[in-house]
Amino acid sequence: MANIWRLRINVVNAQDAEKMKDCVRELSKEYTLVPTSDNPDDGWYQAGLEYGDDFVCYTDGIVERLEQFNELAEKVAAQFPEMPLLFTQFNTDNQGLYRYESKDGEFVRISPLKVTLHTNDAEDFNQLWACAEPLLTAQGLNADVDTATQEITWGYNEKNEAQVCDALIAKMSEQMPDIQVVCMKHDVDNHEFGGLQYCIMGKGEGEWKKITGATFDIAYAIWYASLDSALWLTVYDAFTDPEKCIKALLEVIRKSDSQGDNILNYSVQDIMFQEEKFLHLLQLEDKQWLLDLDNIEADCIVLGGMYKRRQHFYDELFTDEETGEQVTIQRYDTLDTPLWSGTAEEAQALYDKICSSRRHALQSPIVHHWISYTPFNPMVIVEQTMADLENMPHNVLMEHPAYGWACEELGYAYYYGEEQWGYHKDLDKARKYYALAEQVKANTQDEDLLRAGNPFNA
């Protein structure tokens, strides 16, 4: 199921409605936004622009088009700095609700954001609070202090983020150089967990990173599982020792009934789907609860696990000969055994099921990657992705990462020759697809594209 968002501009005063809607109609000519349609062939949801009495709404699951409407909304606010407007971003899967109001020609978040600080133990927490309390008081900030979970939380907004969040946390960390603090920014409007960014702060230094992919899933699973006090896991553990957390979560799943706790199971499944370095934690008994989930991510893990060899990952210190700096490098050993066994018939059935799913396009590169471990044809996923995207306008297509990935895979297939899948060496076709992939990478700045480079540029 696509990740569908509804973006909506509302007037506060009814007399402003027509002026706002006329502005949207004029600005929309600059973009590829289309009116909503009742055509059932357009998908299970009605994508496009919708004009109501006092609002304009845009619905879509394509990120590029959603970003276009966000930009359009900003232009509307700038054009009418004196007109009170509301702007909402709502995810139909309850993944988020974001509310804005116009002030001086800009949309500003209505609801504040929050930041939470976590420590490893009670002793560290007491020192953190002794340091934090006078700094927060000086800024006029009221913090929520939870000694049970060892958390300090206070609010901020986008305009004062640098002052009352980033700089304040750095100052606290400078005053207690021997203590490591995990900091997490989250959104009160976001569904449940609401994690945005995290930072592991020490000696006043740390880098804020987005909470995405497996990192998000681990933190979310820990947040969700924290309802079970027997785990004794915190968000601190999620960011500092993810492997420890996954081991504990897997034990919870294995002790549950056959269906398990679906929310927890899905989170762990997503971790395994995205991060191979945790696959060695799976055991033979995990195959069944993955199959019970009955979705494309779990099916990929089960199918790939029939052929993929176990790997044990470990960190090794490496000294740079030029700088003398010590850096940590992740290495792994490959073992002789797969994750689990399966019959040829079972594997074929899983492969057919994955290829027939209409959701595979949402995870195309990862699905292709999992199938590449097997004797089955992974190019089917590339071909289906191209078919799914072929009706997009050219300008939208050239800013779609999935299209860039598919072009790269086709370039590779034609450059080296993948005869077993029907792709004979053809340098002209290879050059064409590699060039398209380069264009998409330039437009999107997606570093995942062409990591191995373009062989024609060598």
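What to note about this one:
- Residue match in segment 390-397 (condition: modelled with pLDDT of 95 or more and part of a loop (DSSP other than H, G, I, E, B)): no
- The lone criterion from (1) over 30 Å from Asn10 (Cβ atoms); (2) surrounded by fewer than 18 Cβ atoms within 10 Å (Cβ to Cβ); (3) at pLDDT below 95 left unmet by Glu106 is number (1).
- Pair list, Cβ under 6 Å, 6 or more apart: segment 50-67 residue surrounded by 18 or more Cβ atoms within 10 Å (Cβ to Cβ), other residue acidic (Asp, Glu) and modelled with pLDDT under 90: Glu64/Glu399; Leu66/Asp60
- Taken together, the criteria exclude Ile200 from residues that are part of a strand (DSSP E or B), surrounded by 14 or more Cβ atoms within 10 Å (Cβ to Cβ), without any contact (Cβ under 8 Å) to a residue 60 or more places away in the chain and more than 25 Å from the chain's Cα centre (by Cα).
- The set of residues in segment 410-429 being within 18 Å of Pro378 (Cα to Cα) and either among the hydrophobic types (A, V, I, L, M, F, W, C) or not in a helix (DSSP H, G or I) (or both) consists of Leu410, Ala413, Gly417, Glu418, Trp421, Gly422, Tyr423, His424, Lys425.
Let's see how each residue does on (1) in contact (Cβ under 8 Å) with a residue 24 or more places away in the chain; (2) touching a helix residue (DSSP H, G or I) at 6+ places or on another chain (Cβ under 7 Å); (3) closer than 26 Å to Ser111 by Cα; (4) not in a helix (DSSP H, G or I):
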residue	(1), (2), (3), (4)
Glu123	no, no, no, no
Ala130	no, no, no, no
Thr153	yes, no, yes, yes
Met172	yes, yes, yes, no
Asp189	yes, no, yes, yes
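- Checking each residue in segment 416-458 for being among the polar types (S, T, N, Q) and either surrounded by 12 or more Cβ atoms within 10 Å (Cβ to Cβ) or out of contact with any helix residue (DSSP H, G or I) (no Cβ under 9 Å at 6 or more places or on another chain) (or both) picks out Gln420, Gln439, Asn443, Thr444, Gln445, Asn454.
- Top-ranked residue of segment 112-148 - restricted to ones that are within 29 Å of the chain's Cα centre (by Cα) and surrounded by fewer than 14 Cβ atoms within 10 Å (Cβ to Cβ), ranked as modelled with the highest pLDDT: Asp144
- Looking across Ala347, Ala413, one residue alone is in contact with a helix residue (DSSP H, G or I) (Cβ under 9 Å, 6 or more places away or on another chain), under 14 Å from Cys300 (Cβ atoms) and at pLDDT 85 or above. It is Ala347.
- Within segment 283-327, considering residues that are over 21 Å from Val252 (Cα atoms) and among the small types (Gly, Ala, Ser), the one surrounded by the fewest Cβ atoms within 10 Å (Cβ to Cβ): Gly324
- Sub-6 Å Cβ pairs linking a first residue in segment 378-392 that is within 15 Å of Tyr351 (Cα to Cα) and not assigned by TED's automatic domain parsing to the domain that holds Tyr423 to a second residue that is at pLDDT below 90 and part of a helix (DSSP H, G or I), at least 6 apart or interchain, number zero.
- Those residues of segment 92-109 which are within 24 Å of Leu27 (Cβ to Cβ) and either part of a strand (DSSP E or B) or not assigned by TED's automatic domain parsing to the domain that holds Val63 (or both), in sequence order: Tyr98, Arg99, Tyr100, Glu101, Ser102, Lys103, Glu106, Phe107, Val108, Arg109
- Residue within segment 349-366 that is part of a loop (DSSP other than H, G, I, E, B), closer than 25 Å to Glu438 by Cβ and not assigned by TED's automatic domain parsing to the domain that holds Pro242 present: no
- The listed residue being free of Cβ contacts under 8 Å to residues at least 40 places away in the same chain and of a type in the set (Val, Ile, Thr), out of Val145, Val108, Val115: Val145
- Within segment 357-366, not a single residue is over 22 Å from Val380 (Cα atoms) and among the basic types (Lys, Arg).
- Any chance Asp178 is farther than 21 Å from Tyr224 by Cα, free of Cβ contacts under 8 Å to residues at least 12 places away in the same chain and of a type in the set (Asp, Glu): yes
- Check on Thr149, polar (S, T, N, Q) and part of a loop (DSSP other than H, G, I, E, B): yes
- The residue that is farthest from the chain's Cα centre (by Cα), counting only those in segment 69-79 that are surrounded by 17 or more Cβ atoms within 10 Å (Cβ to Cβ) and touching a residue at least 60 places away in the same chain (Cβ under 8 Å), is Val76.
- Selection within segment 176-197 - buried (at least 17 other Cβ atoms within 10 Å of the Cβ) and over 17 Å from the mean Cα position of the chain (by Cα): Met176, Ile179, Gln180, Val181, Val182, Cys183, Asp189
The values are calculated or read from the model by the stated rules, or taken from the named source; none is laboratory data. Please read all numbers here as calculations on a predicted model, not as lab measurements. Glycine gets a Cβ as well: all are built from the backbone with ideal geometry, and neighbour counts include every protein chain shown.
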